[in-house]
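Report on the following structure.
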């Protein structure tokens with residue numbers, strides 16, 4: 001399975017729309033905070049995951065530094 005863009009995914013027959021705006025962990029599209037909460041409930045170290053995500057963001061920005069400042 002691979003991740004796809006929401007605008008493509010929402011047309012899939014298996015897509016489940018979230019009908020409750022107060023529940024960000026139901027349906028096929030979750031918020032990042034809902035995902036982290038679910039991972040924590042399953043004893044997964046979300047601190048390490050967030051650290052790796054931040055590292056990727058920083059490296060992505062640094063890789064474009066010359067383009068940004070020139």
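Brief remarks follow.
- Elements of type helices (runs of 4 or more DSSP H) contained in the chain, each with 2 or more residues being within 14 Å of the chain's Cα centre (by Cα) and surrounded by 10 or more Cβ atoms within 10 Å (Cβ to Cβ): 32-41, 46-63
- Pairs, first at positive phi and without any contact (Cβ under 8 Å) to a residue 60 or more places away in the chain in the range 12-41, second surrounded by 14 or more Cβ atoms within 10 Å (Cβ to Cβ) and part of a loop (DSSP other than H, G, I, E, B), C-beta under 8 Å, six or more apart: 27/18
Every read-out reported here was derived from the displayed coordinates using simple, explicitly stated rules and does not represent laboratory data. Small disclaimer: the values here were computed from a predicted structure and weren't measured. Here Cβ is always computed from backbone atoms with ideal geometry, including for glycine, and neighbour counts include all displayed protein chains.
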